[in-house]
Every structure is written in C-alpha cells, then in structure tokens.
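Working notes, beginning with the structure itself.
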C-alpha cells in the first residue's frame with residue numbers, strides 16, 4: 001500500500017479516471033453497435049454526425065487512439081454509403 005499522501009491521492013484519481021474512461025468507451029462501442037444494426041439510410045445519415053462527434057471527443061481525450069477514431073469514422077461512413 002502507498003505511504004505518501006500524494007501517491008494515495010494518485011491511486012484514487014487514477015481509479016476514478018479509469019472507471020470514467022471505461023464508461024465512455026463502452027458507451028461508444030454500444031452506440032457503434034446500434035448504428036451498425038440500422039437498415040434505414042435516412043436514419044443512419046441523420047445519426048452519423050452525432051456518432052462521429054462522440055468518437056472525436058473520445059479521441060481528443062485519448063480514451064481511444066486518434067487513428068482508431070479515424071478508422072471507425074471511415075468504416076461507418078462507408079456503411080452508410082452502402083445502405084440502399
């Protein structure tokens with residue numbers, strides 16, 4: 001166990017951040033999963049900007065890597081374009 005006050009605080013804050021990051025990552029994954037289940041192109045086109053915005057915010061906070069964010073957005077855009 002940590003002995004210094006600063007290291008005890010660091011443990012607490014890192015645990016809080018870990019849980020918060022896990023929550024946001026899981027939220028993003030669920031949103032992507034629901035988005036890929038869509039079959040209506042108009043609805044998908046409407047929801048794509050919000051999802052891309054969410055992905056960008058997570059990449060900005062380094063919860064996910066910026067290249068992963070780019071890949072996700074690219075694949076989701078291609079998915080929307082393929083819908084009939």
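Since every read-out is calculated from the coordinates, none of them should be taken as a lab result. Keep in mind that this is a model prediction, so the values were computed, not measured. Methodologically, a virtual Cβ is constructed for each residue, glycine included, from the backbone with ideal geometry; neighbour enumeration extends over all protein chains shown.
Structural remarks
- Relative to the current alpha-carbon distance between residue 31 and residue 81, full extension at 0.36 nm per residue lengthens the span by 16.2 nm.
- Model label points for residue 57 and residue 39, set 7 angstrom from Cα along the Cα-to-Cβ axis, are 3.1 nm apart.
- On Cα atoms only, tilt of 41-60 relative to the major axis of the chain in degrees: 20 degrees
- Compared with the dominant Cα axis of the chain, that is its longest principal axis, helix 66-82 is turned about 20°.
- The chain: calculated mean residue ellipticity at 222 nm from DSSP helix runs of at least 4, using -39500 (n - 2.57): -29000 deg cm²/dmol
- Compared with the dominant principal axis of the Cα atoms in the chain, helix 5-36 is inclined by about 10°.
- Our estimate of slack between residue 16 and residue 65, defined as 0.36 nm per intervening residue step minus the Cα-Cα distance, is 15.6 nm.
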